[in-house]
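Undergrad: Just passing along the structure, written as structure tokens.
The values are calculated or read from the model by the stated rules, or taken from the named source; none is laboratory data. Predicted, not measured: the structure shown is a model, and the values here were computed from it. Because the Cβ atoms are built from the backbone with ideal geometry, glycine has one as well, and the counts that use them run over all protein chains shown.
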Amino acid sequence: MKKSRKFLLVVLASLSITFAKAQVEFDHSLGITALFSQNNGGWGFTYDPRLNFAKLGDNGVLSAGTHLTLGISLSSQNPDGNSLVFDLPLMLEYNSGFGSTKDNDASFGWFGGIGYDVSSVQADDNGTNHSSGVIFNVGVRFGAKVPLSIRASYLLSSASNDPSASNVIGVGISYMFGMRK
């Protein structure tokens, strides 16, 4: 009995690994993102790696990834007061149409997701906004010659008792590698 359970577990594990490998695909993009909190704003360069792990229908795929942003704050009062901006969301996203996979031949695509984010938008003249919590994002993908992705995000800060924390809005545009038709 134990040998048959072990055998069944090995077979199921092998099948699941084979099934998972058949659907796993790595995609990434590079761009810029602007981040805005209650009192501060900033911009940064964004790297968007994602791992597509489950195909859903003809056009859809689930992915896990991030939109890592590193940059500087915008300090209007003090030119020497610029400082670090970072945003690290861990996302689970549904992708459909163009850009959902490398072989999708649609001319337009979209995505939406939910995740957890840690964000810091600092400015010496307006204080610092350190926020973390649930993040939502939506975006569109298009461009047969120059494949682009435009994304908007909203971080709902879970630090409601911390006066230095507020919700963060992000808007970004990225070039998608490997998506040219």
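Undergrad: Show the residue pairs meeting these rules: Cβ distance below 9 Å; 6+ apart or different chains; first residue within segment 54-68 and free of Cβ contacts under 8 Å to residues at least 12 places away in the same chain; second residue part of a strand (DSSP E or B).
TA: So the pair list comes out as 57/96.
Undergrad: If I ask for residues that are farther than 14 Å from residue 149 by Cβ and surrounded by 16 or more Cβ atoms within 10 Å (Cβ to Cβ), which ones from segment 39-51 would you list?
TA: Result: 40, 41, 42, 43, 44.
Undergrad: Next question, about the same structure. Let me confirm something: among 39, 52, which residue is on the phi < 0 side of the Ramachandran plot and outside any strand (DSSP E or B)? I'd like the intermediate steps shown before the answer.
TA: Numbers: 52 fails: outside any strand (DSSP E or B).
39 is the lone residue from the list that is on the phi < 0 side of the Ramachandran plot and outside any strand (DSSP E or B).
Undergrad: If I ask for residues that are within 14 Å of the chain's Cα centre (by Cα) and either of a type in the set (D, E, K, R) or part of a strand (DSSP E or B) (or both), which ones from segment 83-106 would you list?
TA: 86, 87, 88, 89, 90, 91, 92, 93, 94, 95, listed by residue number.
Undergrad: Which one is modelled with the highest pLDDT among residues in segment 60-82 that are outside any strand (DSSP E or B), of a type outside the set (Ser, Thr, Tyr) and over 19 Å from residue 149 (Cα atoms)? First the steps, then the outcome.
TA: Start the filter on segment 60-82 by keeping residues that are outside any strand (DSSP E or B), which leaves 67, 74-81.
If we keep only those that are of a type outside the set (Ser, Thr, Tyr) too, we end up with 67, 74, 77-81.
Going one step further and asking which of them are over 19 Å from residue 149 (Cα atoms), we end up with 74, 77-81.
On the way: 74: 63, 77: 57, 78: 55, 79: 58, 80: 59, 81: 59.
By that ranking, first place goes to 74.
Undergrad: Scan segment 152-173 for residues that are at pLDDT 90 or above and either part of a loop (DSSP other than H, G, I, E, B) or touching a Lys or Arg at 6+ places or on another chain (Cβ under 7 Å) (or both) and jot them down.
TA: 172 - this is the single residue of segment 152-173 that is at pLDDT 90 or above and either part of a loop (DSSP other than H, G, I, E, B) or touching a Lys or Arg at 6+ places or on another chain (Cβ under 7 Å) (or both).
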